[in-house]
Amino acid sequence: MTQSVVVQVGQCGNQIGCCFWDLALREHAAVNQKGIYDEAISSFFRNVDTRVVGDGGNISKGKICSLKARAVLIDMEEGVVNEILQGPLRDVFDSKQLITDISGSGNNWAVGHKVFGRLYQEQILEKLRKSAEHCDCLQCFFIIHSMGGGTGSGLGTFLLKVLEDEFPEVYRFVTSIYPSGEDDVITSPYNSILAMKELNEHADCVLPIDNQSLFDIISKIDLMVNSGKLSTTIKPKSLVTSSAGALKKQHQKPFDAMNNIVANLLLNLTSSARFEGSLNMDLNEISMNLVPFPQLHYLVSSLTPLYTLADVNIPTRRLDQMFSDAFSKDHQLIRADPKHSLYLACALMVRGNVQVSDLRRNIERLKPSLQFISWNQEGWKTSLCSVPPVGHSHSLLALANNTCVKPTFMELRERFMRLYKKKAHLHHYLQIEGMEESCFMEAVSSLSALIEEYNQLDATRSMPVEDLPRLSVAV
């Protein structure tokens, strides 16, 4: 069994990471009721005898003593990490695997990347090496960060280059939270464009997630509950309820519920690597099958059923409806409509009591409404994990390499150019050692080249699909 290490960077990355570890513990507790340290748990957790000083306390099998997350926590403001260390998950994290500062990156990519990158490079390397030493077979680094701030965008992408140099054979999966148009960080377009260049060059797979899409999803859930279309019975300790049991008001963004969706995405992404199933999909198979060209490694994700993520007691969605929902724009985690764009490839990761025949039937049913690129008409990758999410009968994560991601990048470039044409706020970046105006031009050129690649693919949509002859085998 392989292991993965989660590197959570910045405020957003650490908040999502905290939610992920909480849900992962609940999931494994539901499945592993005997308290035995098995391969499924070892994929994300070490088993440690806390009575032993140093690294000699690792236990490879037997009863669970104390679980420690395979995680590195990095933030240049210590507030969120301190909250985690004072919260219910404080014992899950190894205090030696934390890196914090006090001053923060001031919403400036250059400070995170150039200043803190240089300052903390050796410490970061030390923590990463230590995490790798604790693994029998390290397969993947999951990086969780946001694109709009300074630490997540700057230090988060600096980390990618470090990982590529130090662990070139280990996959780098990045979950990147993109800012909405109403973001309160004025410099977020600069930070996002500068970070995009690093993602283009150093990531194996990127799962772009739009803050606005997450907010829209949570708002729809809230609206449906209030309208009576869903059951008004809320599960205890729901992420959309207050401690008093009443629905949260929407005057503030429900970040806990938004983080919960991203955490569930990561749980479903890794489910096949952690649990048994009739069709397993390793993480390296995602990259191999879904990324036909190095730069085009941005995968659009959708989760179904989404409403159950809100902990609302509602009837289970019919299986076929779940597959249909995965391709609707309302279930995408970025603002996109994949059905009206071009697919390069698509992965369906199903959990629960679902048969291979159900999977094949739904693919055949949906294929006529989806447009795949001419040279990859059968570009499907599937997995079936027998263990469903806690409290649900089944779920589906769809990952699509699809040109529908292009408008998100075009909007980002447009917001960048509005600021850059006026040279607004540029001096904050240029006063950092190693930052020059050419860095901005190289970054926007990199993004424009990526957009042009998607344009060229979209231009092939009107081309007829070649019906290639089958190979005849003489008997």
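No lab work stands behind these numbers, since they all come straight from the coordinates. Here the structure is a predicted model, which means the values were calculated and not measured. Every residue, glycine as well, gets a Cβ built from its backbone with ideal geometry; the counts of neighbours run over all protein chains shown.
Would you tally the net charge around His425, using a Cβ to Cβ cut-off of less than 15 Å, leaving His425 out, and scoring K and R as +1, D and E as -1?
Values: positive: Arg415, Arg418, Lys421, Lys422, Lys423; negative: Asp183, Asp184, Glu437.
That works out to +2.
Per residue of the chain, what 222 nm ellipticity follows from adding -39500 (n - 2.57) for every DSSP H run with n ≥ 4, rounded to the nearest 500? Let's see the in-between values first.
Numbers: 14 runs with 183 residues, N = 475.
After summing the helix terms and dividing by the residues of the chain, the value is -12000 deg cm²/dmol.
Under the definition of Cα pairs under 8 Å and six or more residues apart, what whole-number percent is the relative contact order of the chain? Don't skip to the answer; put the middle values down first.
Details: 862 pairs, mean separation 73.1, N = 475.
Relative contact order for the chain comes out at 15 percent.
Taking amide H positions as placed 1.01 Å from N in the peptide plane, with prolines and chain starts having none, which residues 5 or more places from Val387, or on another chain, fall under 5 Å of its amide H?
So Val387 has HN proximity to Gly352.
To the nearest 20 debye, what is the magnitude of the charge dipole of the chain about its Cα centre, counting +1 on the Cβ of each Lys and Arg and -1 on the Cβ of each Asp and Glu?
On the way: 46 positive and 53 negative charges, 259 e Å.
The calculation lands at about 1240 debye.
Could you work out the relative contact order of region 6-96? I mean the mean sequence separation of Cα pairs under 8 Å and 6+ apart, divided by the number of residues, in percent.
After rounding, I find 35 percent.
Under the Karplus relation 6.51 cos²θ - 1.76 cosθ + 1.60, θ = phi - 60°, what is the ordered set of whole-Hz ³J(HN,Hα) values for region 187-201, x standing for Gly and Pro?
Each residue of region 187-201 in turn: 8, 4, x, 4, 4, 5, 5, 5, 5, 4, 4, 5, 5, 4, 8 Hz.
If you place +1 on the Cβ of every Lys and Arg and -1 on the Cβ of every Asp and Glu, how big does the dipole about the Cα centre of region 8-116 come out, in debye to the nearest 20?
The dipole magnitude comes to about 380 debye.
Spelling out what I want: for every residue of region 203-211, take phi, set θ = phi - 60°, compute 6.51 cos²θ - 1.76 cosθ + 1.60 (Karplus), and round to whole Hz; glycine and proline get x.
Going residue by residue, I get 9, 8, 9, 10, 9, x, 10, 9, 3 Hz, with x marking Gly and Pro.
Near Asn82, within a Cβ-to-Cβ distance under 13 Å, what is the net charge of the other residues, with Lys and Arg +1 and Asp and Glu -1? Numbers along the way, then the final one.
Details: positive: Arg90; negative: Asp75, Glu77, Glu78, Glu83, Asp101.
That works out to -4.
Under 13 Å Cα-Cα from Lys197, which aspartates and glutamates qualify once same-chain neighbours fewer than 8 residues away are excluded?
Partners found: Glu442.
Suppose every K and R has +1 on its Cβ and every D and E has -1 on its Cβ; what is the size of the dipole of region 407-460 about the Cα centre, in Debye to the nearest 20?
Numbers: 6 positive and 9 negative charges, 78 e Å.
That gives region 407-460 a dipole magnitude of about 380 debye.
Can you tell which of Leu125, Val115, Val72 lies farthest toward the positive end of the dipole of region 65-134, using +1 and -1 charges on the Cβ of basic and acidic side chains (Lys, Arg; Asp, Glu)?
Result: Leu125.
Which of Met322, Pro292, Met417 sits closest to the plus end of the dipole of the chain, meaning its Cα is farthest towards the positive end, when Lys and Arg get +1 and Asp and Glu get -1 on the C-beta?
Final value for the positive-end residue is Met322.
Counting only pairs 8 or more residues apart or on different chains, how many lysine pairs in region 1-159 have their Cα atoms under 21 Å apart?
10
Got a sec to turn the phi values of region 149-166 into Karplus ³J(HN,Hα) couplings, 6.51 cos²θ - 1.76 cosθ + 1.60 with θ = phi - 60°, whole Hz, x for Gly and Pro?
Per-residue couplings from phi come out as x, x, 6, x, 6, x, 6, x, 7, 4, 4, 4, 5, 4, 5, 4, 6, 8 Hz.
I'd like the antiparallel share, as a percent to the nearest 5, of DSSP beta bridges with both residues in the chain. Don't skip to the answer; put the middle values down first.
Numbers: 24 of 59 bridges.
Roughly 40 percent of the DSSP beta bridges within the chain come out antiparallel.
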